[in-house]
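Scroll down for the structure; my scribbles are underneath it.
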Amino acid sequence: MKKNRKRTKAYKVILTVLLSVFVLMQFITPQRNLSPVPAGQVFVDSFKVDAKVNAILSVSCYDCHSNNTQYPWYTNVQPLGWFMADHITKGKEKLNFDDLPNYSPRRINSKFAQIVEQIEKGKMPLRSYMWMHNGARLNKEEQQLLINYFDKQLNIK
């Protein structure tokens with residue numbers, strides 16, 4: 001009988017510590033990726049992006065690849081907010097549509113070629129992103145529309 005009481009007490013202590021750590025984690029929030037300029041606006045203006053392409057990019061790309069992210073409710077819960085912040089940081093390091101117009105023509109071509117390659121291989125958007133953002137999933141028509149747009153841009157530059 002005493003073993004069960006000791007075990008129960010140990011479980012309560014462990015649970016209390018874990019709950020306390022979880023509560024404390026909520027006070028350590030990552031910086032938000034927010035800009036007064038709408039996501040992709042600089043890109044759209046600079047590269048004459050049509051409405052269909054921009055609509056696809058808005059739903060499937062800009063959250064991680066621009067200076068403005070639409071944050072779902074669950075990012076207010078840590079560690080989910082930390083994971084999202086990490087995805088955004090890494091995504092912007094690879095490609096930031098808002099900074100793209102400032103790149104050299106050679107670097108822009110390289111980025112456009114990489115975008116086409118990522119779409120063709122089905123690597124973007126990330127599966128982990130699509131788990132919680134099912135609308136970000138690109139169908140074949142959307143993939144082809146993006147590929148055609150960026151291929152056309154490659155021929156212009």
Please state which of the following conditions TYR103 fails to meet, knowing it meets all the rest: (1) touching a helix residue (DSSP H, G or I) at 6+ places or on another chain (Cβ under 6 Å); (2) over 18 Å from LEU126 (Cα atoms); (3) not small (Gly, Ala, Ser).
(1)
Residue count, segment 51-72 (criterion: of a type outside the set (D, E, K, R) and part of a loop (DSSP other than H, G, I, E, B)):
11
Has segment 85-100 got at least one residue that is farther than 24 Å from PRO38 by Cβ, out of contact with any Ser or Thr (no Cβ under 9 Å at 6 or more places or on another chain) and surrounded by fewer than 19 Cβ atoms within 10 Å (Cβ to Cβ)?
no
In segment 67-99, which residues are closer than 22 Å to LEU154 by Cβ and either among the β-branched types (Val, Ile, Thr) or in contact with a Leu (Cβ under 9 Å, 6 or more places away or on another chain) (or both)?
GLY91, PHE97
ASP45 being in a helix (DSSP H, G or I) and either in contact with a helix residue (DSSP H, G or I) (Cβ under 9 Å, 6 or more places away or on another chain) or closer than 24 Å to GLN114 by Cα (or both)
yes
Which of the residues belonging to segment 58-84 are aliphatic (A, V, I, L, M) and in contact with a Ser or Thr (Cβ under 9 Å, 6 or more places away or on another chain)?
MET84
Looking only at segment 141-156, count every residue that is under 21 Å from the mean Cα position of the chain (by Cα) and among the basic types (Lys, Arg) and tell me the total.
0
Residue check: is ASP50 acidic (Asp, Glu) and either closer than 15 Å to LEU100 by Cβ or touching a strand residue (DSSP E or B) at 6+ places or on another chain (Cβ under 8 Å) (or both)?
no
Scanning segment 126-148 residue by residue, those charged (D, E, K, R) and either open to solvent by less than 90 Å² (accessible area, probe 1.4 Å) or touching a helix residue (DSSP H, G or I) at 6+ places or on another chain (Cβ under 8 Å) (or both) turn out to be ARG137, GLU142
Select, from SER60, SER35, the only residue that is among the polar types (S, T, N, Q), over 11 Å from the mean Cα position of the chain (by Cα) and under 30 Å from LEU154 (Cα atoms).
SER35
Of all residues in segment 24-56 being polar (S, T, N, Q) and closer than 21 Å to ALA136 by Cβ, the one that is surrounded by the fewest Cβ atoms within 10 Å (Cβ to Cβ)
SER35
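The values are calculated or read from the model by the stated rules, or taken from the named source; none is laboratory data. Treat the numbers as computed from the prediction; the structure is a model and nothing was measured. So basically every Cβ, Gly included, is an ideal-geometry build from the backbone, and we count neighbours across all protein chains shown. Accessible surface is based on the protein model in full, side chains and every heavy atom, while ligands, DNA and RNA are left aside. Shrake-Rupley method; radii C 1.70, N 1.55, O 1.52, S 1.80 Å.
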